[in-house]
Amino acid sequence: MKDFPAPLKGRYQIRSELGTGGFSTIYLATDTKTGNDVSVKEFTADHMDGVGTVLRRNAFIVASQADPQPVDFSAPLSEEEKLSRGLMQIRREAEILNLFADIEGVPACIETFQENDTFYLVKEYLEGMTCREYMRRFAGRVPYTLGLYIMRGTLEILRQVHARGYIHCDVSPINSFLCRDGRVCLIDWGNAADLTGSMEDHVVRQAVNVHYAAPEQQISGHTLTPATDLYCLCASIYEAVCGDLPTQSLQRLRGKPLAPPAVHVNGLPAFLDDLLTRGLELSPSARPQSAEEMIEVIDHEISFTVSPVAGTGNTSISAQLLNEKRRPLAFLTSRRARRPLIL
């Protein structure tokens, strides 16, 4: 971890490094003015070359077209390009967080500033675990009830965001977060797209995670819709529940099949197998068309009861299938106090 002898901006005392991802490093800090814990995202230019390559590459046709257009993206980004992109991403995420400040599950933005020849974004600190961390805790795959709870909470956030004309564009297991108090949060909004903006702007800006990305995110000139986020979410929950990544969308366009979720999980409820399979359709029009549609399916099939565990700060979440005779299942949001990875 870098040495921060003095508080950033005279206010934020760095305590530990929480993780790195994309082109940023995340720190846990104390706001010395309020005494609160905060999350500080630092733009890290030396991580930028690989991400910049993806950004440039996505501006060109990469698959499923008669004439793919190759491009030389081997040249490293200049320092000026790195700083320009870093500033753009930090400002963009801050704008999005402020725009959705009233939506529960979107972390609060505190401020942005420039210092140490780089940029910082200060956000609400969330205590809990990412979906990815829960996968590690459960030896690679989570109980499908936990996956459904995270999916239901993420869909509720997406429902409100989509209604305002935006999509997240980067739903993944490291960006779906379950807090100790039972809240589901969606983090890392730097790639969010305004659906009223230009398609060219969307394609050039995005740094796509190919493991979860819909095909239209990776092919130049294709329109993004709320169904794009639903594909990413279903790919994420597929991995969380099945313990294996779904076949990448561009590989499927070339003929590689997708294994149904039920192949990986014995006793998986039929509705969840169907919901994930439909959400992973390659054609956006063949997927559910709204988060609300998927919420209605989940609420028809399963109910959740959320209750605090006295004196622990944890939450107990019980799940009951409504249309199948199975024993109720329950899990805790955290079994011990710990500092989670936040990206």
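The values are calculated or read from the model by the stated rules, or taken from the named source; none is laboratory data. Just so it is clear, the model here is predicted, and its values are computed rather than measured. Backbone-built Cβ (ideal geometry, glycine too); neighbour counts: all protein chains shown.
Kindly indicate the residue of segment 116-134 that is farther than 30 Å from L148 by Cα and of a type in the set (S, T, N, Q) and also surrounded by the fewest Cβ atoms within 10 Å (Cβ to Cβ) among those meeting that condition.
Only one residue fits best here, namely N116.
Look through segment 327-343, keep the residues that are within 28 Å of L272 (Cα to Cα) and surrounded by fewer than 11 Cβ atoms within 10 Å (Cβ to Cβ), and return whichever of them is modelled with the highest pLDDT.
Of everything passing the filter in segment 327-343, R327 is modelled with the highest pLDDT.
Enumerate the pairs (first residue in segment 132-157 and under 15 Å from D244 (Cα atoms); second residue anywhere and crowded, with 22+ Cβ neighbours inside 10 Å and basic (K, R)) with beta-carbon separation below 6 Å, excluding pairs fewer than 6 apart on the same chain, so at least 6 apart or on different chains.
As it stands, the answer is none, since no pair meets every condition given.
I need the full set of residues from segment 169-191 which are touching a His at 6+ places or on another chain (Cβ under 9 Å) and in a loop (DSSP other than H, G, I, E, B), in order please.
Listed by number, the residues that qualify are C169, S172, N175, D188, W189, N191.
With respect to S316, is the statement that it is more than 19 Å from M135 (Cβ to Cβ) and of a type in the set (S, T, Y) true?
Here the answer is yes, as S316 does meet what is asked.
Yes/no matrix, rows are residues, columns are (1) more than 13 Å from the chain's Cα centre (by Cα); (2) within 30 Å of G311 (Cβ to Cβ); (3) modelled with pLDDT under 80:
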{"position": "R180", "(1), (2), (3)": "yes, yes, no"}
{"position": "R183", "(1), (2), (3)": "yes, yes, no"}
{"position": "D188", "(1), (2), (3)": "no, no, no"}
{"position": "A207", "(1), (2), (3)": "no, no, yes"}
{"position": "Q218", "(1), (2), (3)": "yes, no, no"}
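Can you name the helices (runs of 4 or more DSSP H) wholly within segment 237-325 that have at least 1 residues being at pLDDT 95 or above?
261-264, 270-279, 291-301
Of a type in the set (A, V, I, L, M, F, W, C) and more than 14 Å from Y144 (Cβ to Cβ): is that true of A286 in this structure?
Taking the combined requirement at face value, the residue satisfies it.
Scan segment 228-243 and report the pairs whose first residue is more than 11 Å from H211 (Cα to Cα) and whose second residue is assigned to a helix (DSSP H, G or I) and of a type in the set (D, E), with Cβ atoms within less than 7 Å and a gap of 6+ or a chain change.
Within 7 Å, the pairs are T228/E216.
Give, as residue ranges, the helices (runs of 4 or more DSSP H) completely inside segment 62-165 that count at least 3 residues that are modelled with pLDDT of 95 or more.
144-163
Take the residues in segment 3-23 that are among the hydroxyl-bearing types (S, T, Y) and under 18 Å from E133 (Cβ atoms); name whichever of them is farthest from the chain's Cα centre (by Cα).
The extreme case among them is S16.
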